[in-house]
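The values are calculated or read from the model by the stated rules, or taken from the named source; none is laboratory data. In this text, all values refer to a predicted model and were calculated from it rather than measured experimentally. Neighbour counts are summed over all protein chains in view; Cβ atoms, including those assigned to glycine, are modelled from backbone coordinates with ideal geometry. All accessible areas refer to the heavy atoms of the entire protein, side chains included, with ligands and DNA or RNA removed. Shrake-Rupley method; radii C 1.70, N 1.55, O 1.52, S 1.80 Å.
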Amino acid sequence: MPRMIVFANRKGGCGKTTTAVNVAHALALRNRKVLLLDADPQAHASISLGYPSDSLTSGIYDLLTGASSPADVIIPTRLKKLSLIPASRHLTAFEMDYSSRSGCESLLAEKLSDTVFNDLSVFDYLIIDPPPTVGLLTVSALVAAKEVFIPMPMHFLAMEGLAEMMRLIYTVNAAWNPALRMAGIIPTFYNKQTKLARELGEEIRTNFGEDRLLPAIRMNVSLAEAPGYGQTVLEYAPASAGAKDYKKLALHIERMGRV
Ligand SMILES: Nc1ncnc2c1ncn2[C@@H]1O[C@H](COP(=O)(O)OP(=O)(O)OP(=O)(O)O)[C@@H](O)[C@H]1O
Ligand SMILES: [Mg+2]
């Protein structure tokens, strides 16, 4: 089975999608076979890879409803070793239609289990990009994954959001997925010059341990520009600080898996 990873934070705009897309591509460039699953109705991960949501006919929603099989919804992207399950148009409907059904939180995990998804084992990594809300889609992603990484801007009140994420992880542990663990915190929009960033880094080390603080992603304009061209930063600006930071992070995540 692949490593099942989700980049999650209940805060919006903290770098979840940027991290999912660029770590996915950086791992693919390291010759790992990666499947990126866009579980956000905003379809930002799909768009970032050059698949505008209006061009998508089937995707994750059809997998969840059983209308399509996993093989039908996987797009082999133009990037070598990187495949995508896009968000598709109707994903918003999933939260509305399924939230009241019993067992709905485990539906995604079931669809990604090896009995349903025979070909999943060809991938080394499955990376899920959830929406910023703590609704059914985010919970489903946490129930399906094994490792959650939390991208976190070193901003005021960031620690409060982190505490809420930890509570959500414990809830998921207790109710659905005891195997899920918080694998690391990724400082995003990082500026090491600021005192606050240093202090928050210290606080994370103290509370979670040195090994839970992952390599930081600096604030970098290429990261914000690349999605507009439907490209990862590794394609758009391979020499940029953003590309370097994501390569370093991907290598770190890869090595974590070996221990
Ligand atoms: N390190 C960075 N430096 C500069 N801009 C960044 C950086 N990381 C992300 N961005 C930009 O900030 C915005 C928010 O990032 P992103 O979409 O990855 O966050 P998100 O957590 O997925 O948001 P949402 O909660 O809407 O899903 C995007 O426009 C993105 O291009
Ligand atoms: Mg996003």
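Placing unit charges on the Cβ atoms of the charged side chains and taking the dipole of region 3-258 about its Cα centre, the candidate lying farthest along the positive direction among ILE74, ALA239, TYR51 is ALA239. Residues whose amide H lies under 5 Å from that of ARG218, counting only those 5 or more places away or on a different chain, are TYR190; hydrogens are built 1.01 Å from N in the peptide plane.
Each of ALA250, LEU37, MET165 was placed along the dipole of the chain (beta-carbon charges, centred on the mean Cα), and the one lying farthest toward the positive end is ALA250.
In this rough spin-label picture, where each label sits 7 Å from Cα along the Cβ direction, the LEU251-VAL134 distance is 3.6 nm. Approximating the spin labels as points 7 Å out from Cα along Cα→Cβ, the ALA241-to-SER100 distance works out to 5.0 nm.
Too long at a 24 Å Cα-Cα cut-off: which of LYS11/LYS146; LYS16/LYS244; LYS146/LYS244; LYS80/LYS244; LYS11/LYS33? Correct reply: LYS146/LYS244; LYS11/LYS33. Computed over protein heavy atoms with a 1.4 Å probe, the carbon and sulfur contribution to the accessible area of the chain reaches 52%. With 0.36 nm allotted per residue and the present C-alpha distance subtracted, the SER121-TYR229 stretch has 35.7 nm of extension available.
Of the whole protein surface, SER121 contributes about 70 Å² of accessible area at a 1.4 Å probe radius. Here region 156-216 and region 52-124 have alpha carbon centers that stand 28 Å from each other. Simple point charges give the picture: +1 on the Cβ of Lys and Arg, -1 on the Cβ of Asp and Glu, and for region 3-258 a dipole about the Cα centre of about 880 debye. Protein-only accessible surface at a 1.4 angstrom probe places the residues LYS111, LYS192, LYS16, LYS247 in the order LYS192, LYS247, LYS111, LYS16, largest first.
Taking all protein chains as shown and a probe of 1.4 angstrom, ILE74 keeps an accessible surface of around 40 Å².
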